[in-house]
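Following: one structure in structure tokens, then a few remarks.
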Amino acid sequence: MRAGQALSRVLLTACTRGLQAGYANQPIQVETLRPRVAALADRPGSPQLLLRLGFPTTRVTAASRRPVDDVIVYA
């Protein structure tokens, strides 16, 4: 739960500063690569996520959203 909350804060802060995020999780999911990522991070614990942050070279518009009434079912 705390890891998810921390990731949410990182992503929201990055967004407010004009950064975009991209996940590159294959090295985390491949058992033989996970220890190599851990060694590069040089931190205790096991890596859970590999995240790339950067400024976009082109402007991306927000995806369209469905109306709230199409998503929430009122009982």
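The values are calculated or read from the model by the stated rules, or taken from the named source; none is laboratory data. All of these numbers come straight from a predicted model, not from anything done at the bench. Here the Cβ is made from the backbone with ideal geometry for all residues, glycine too, and neighbour counts use every protein chain on show.
Summary of values
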{"item": "Residues (assigned to a helix (DSSP H, G or I) and surrounded by 10 or more Cβ atoms within 10 Å (Cβ to Cβ)) located in the stretch 41-75", "result": "Ala41"}
{"item": "So Leu49, is it at pLDDT 90 or above and of a type in the set (A, V, I, L, M, F, W, C)", "result": "no"}
{"item": "Residue in the stretch 19-39 that is exposed (fewer than 10 other Cβ atoms within 10 Å of the Cβ), without any contact (Cβ under 8 Å) to a residue 24 or more places away in the chain, not charged (D, E, K, R) and not in a helix (DSSP H, G or I) present", "result": "yes"}
{"item": "Counted residues, the stretch 9-18 - those being modelled with pLDDT of 95 or more, exposed (fewer than 12 other Cβ atoms within 10 Å of the Cβ) and assigned to a helix (DSSP H, G or I)", "result": "4"}
